[in-house]
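Asker: Please find one structure pasted underneath; my questions will follow.
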Amino acid sequence: MKKWVAVLLVLLFASCEGKKEKMEISFYYWRTVFELTPLEKLYIDELEVQRLYVRYFDVGLYEQQPVPVAPVVFNERPKLKIIPVVYIKNEVFLRNINTDSLAGKISAYIKQINDKAGIVTDEIQFDCDWSLESKNNYFQFIRDFKKRHPRLSATIRLHQVKYPKKTGIPDVEEGVLMYYNMGVIGASGENSIYDEKIAHRYIASLRNYSLPLSIALPVFSWGVHIRNHQVTNLIGGLRHKDLSGDGFERTGKNRYRVKEDQLFKGRYLAKNDEIKIEEASADQLKKMVRDIEKNSKERPKTLIFYDLNESNLTSYEKEFFKTAGYW
């Protein structure tokens, strides 16, 4: 009898140890008009999404002064928690600016958008790929902003995780590791959105990174338009299914040749131009999470997919998103 009890206890503990705590699932919303489609609302409900990270506006320079760019307009009142995200170009902090004044202006503008939309927020996120030359101004801006709003989060890039002593760590409650756009967009190479070899040069450093991190994963895609072995531009949202028509010939795993001169999605494509599709597959995304978990001190609490729109949602099986919290 004692032997059977011991076996049952071992099985019980093994079962408990193997059961993973569900990660929260969320999305970035990166459009200038907030208006969810019926399909987007369905996914939000079925995935039990509790909050969205909504880009409120960018901050850039105009006549050498920081100005807001392309603010979001809420055409409907959100029914879930909203975290405003403000993208600040690095050029802003390369100038000798009054960071406290900038913090006050950004705080007031966020409040203006919130008041008009009937939104109350308890967290604000800043997205800035700061450099060694701009970090002091950016970090001072963060400290100045915390006087007005104590709960802040910030986006973090892989190189900032690997070299924290050099790049610094912002004084925020949480970081979001942007686990994409790892390589250089070029005519050669495979995939600049996710490159496993590049990722593995950095992720071991997660164990020693002191800031708690959520993870942002890419469900977006684009096509790299190549002419004469040179990148001409990016075609946002392009996927393999868009190039399945007679006007294109598949020449590789993610490459297509333009068969004849044509207008395609408002762009002129010449005969023999190339299109390289860049995206992250479902299997790659799952592996990204497993690699991060294996190299982190603790399991990420939140997965944030970039970004919420129908095309990105329907490019993966719905079960992919439903099981994401348990990867």
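Asker: Roughly how far apart, in whole Å, are the Cα centres of region 41-117 and region 272-322?
Answerer: A separation of 24 Å, based on Cα centres.
Asker: Have a look at Lys165, Lys135, Lys297 and tell me which one the Gaussian network model of the chain (Cα, springs below 10 Å) gives the largest fluctuation.
Answerer: Comparing Lys165, Lys135, Lys297 in a Gaussian network model of the chain, the most mobile one is Lys165.
Asker: OK, next. Taking 2.2 N^0.38 Å as the expected size of a compact globular protein, what ratio does the Cα radius of gyration of the chain give against it, to two decimals? Walk me through the numbers before you get to the answer.
Answerer: Details: Rg = 22.1 Å, N = 327, 2.2 N^0.38 = 19.9 Å.
For the chain, the normalised Cα radius of gyration comes out at 1.11.
Asker: I need the shape label for region 221-278. Rule: rounded when a/c is under 1.5, else prolate if a/b > b/c, else oblate, with a, b, c from the alpha carbon gyration tensor.
Answerer: Numbers: a/c = 1.15, a/b = 1.06, b/c = 1.09.
Because its axes are fairly even, with a/c under 1.5, region 221-278 counts as rounded.
Asker: Ok, one more. Just subtract the alpha-carbon distance of Asp122 and Thr314 from 0.36 nm times their residue separation and send over the number in nm, one decimal. Display every interim value, and only then the final one.
Answerer: Details: separation 192, 0.36 × 192 = 69.12 nm, distance 3.10 nm.
Gain in length upon complete extension: 66.0 nm.
Asker: Still on this structure: Would you work out which of Gln230, Ile277, Phe248 lies farthest towards the positive end of the dipole of region 221-278, given +1 charges on the beta-carbon of Lys and Arg and -1 on that of Asp and Glu, about the Cα centre?
Answerer: Ile277
Asker: On full extension of the chain, what length is gained from Leu42 through Arg148, given 0.36 nm per residue of separation minus the C-alpha to C-alpha distance? If you can, show how the numbers build up before the last one.
Answerer: Working: separation 106, 0.36 × 106 = 38.16 nm, distance 3.55 nm.
34.6 nm is the gain from fully extending Leu42 to Arg148.
Asker: Where does region 31-178 land on Rg/Rh, using Cα atoms and the Kirkwood Rh? Intermediate values should be presented prior to the final figure.
Answerer: Working: Rg = 15.9 Å, Rh = 16.2 Å.
Ratio of gyration radius to Kirkwood radius for region 31-178: 0.98.
Asker: Another question, then. So how far apart, in nm, are the two label points at Tyr62 and Ser281 if each is 7 Å from Cα heading toward Cβ?
Answerer: According to this spin-label approximation, the distance is 4.6 nm.
Asker: Taking every DSSP beta bridge that has both residues in the chain, what percent is antiparallel when rounded to the nearest 5? Each step should come with its number before you reach the end.
Answerer: Details: 26 of 62 bridges.
For the chain, the DSSP antiparallel bridge percentage is about 40.
Asker: Under 16 Å from a label point 7 Å along Cα→Cβ of Arg31: give me every residue in region 303-327 with its amide N that close.
Answerer: It comes to 306-315, nothing else.
Asker: If I take R0 = 35 Å and measure r between the Cβ atoms of Arg201 and Gln230 in this structure, what FRET efficiency does the formula 1/(1 + (r/R0)^6) give, to the nearest 0.05?
Answerer: The pair Arg201/Gln230 has a calculated efficiency of 0.80.
Asker: Take each uninterrupted DSSP H stretch in the chain, measure its Cα extent along the helix axis, and return the ones at 15 Å or beyond whose mean Kyte-Doolittle hydropathy is at least 1.0. Walk me through the numbers on the way to the answer.
Answerer: Working: long enough: 2-18 (24 Å, 1.37); 99-117 (27 Å, -0.37); 135-146 (16 Å, -1.23); 282-294 (18 Å, -1.08).
Membrane-span-like by this rule: 2-18.
Asker: Among Leu313, Leu42, Leu206, determine the one that fluctuates most according to a GNM of the chain built with springs between C-alpha atoms less than 10 Å apart.
Answerer: Leu42
Asker: Summing -39500 (n - 2.57) over the DSSP H runs of n ≥ 4 in the chain and dividing by its residue number, what mean residue ellipticity at 222 nm do you reach, to the nearest 500 deg cm²/dmol? Walk me through the numbers before you get to the answer.
Answerer: Details: 11 runs with 98 residues, N = 327.
The helix-only estimate for the chain comes to -8500 deg cm²/dmol at 222 nm.
Asker: Where the only charges are on Cβ atoms (+1 Lys, Arg; -1 Asp, Glu), what is the dipole of region 193-302 about its Cα centre, to the nearest 20 debye?
Answerer: Using Cβ point charges on Lys, Arg, Asp and Glu, region 193-302 gives about 380 debye.
Since every read-out is calculated from the coordinates, none of them should be taken as a lab result. None of the values given here were measured: they were computed from a predicted structure. When we count neighbours, we look across all protein chains shown, and the Cβ atoms used for this are built from the backbone with ideal geometry, even at glycine.
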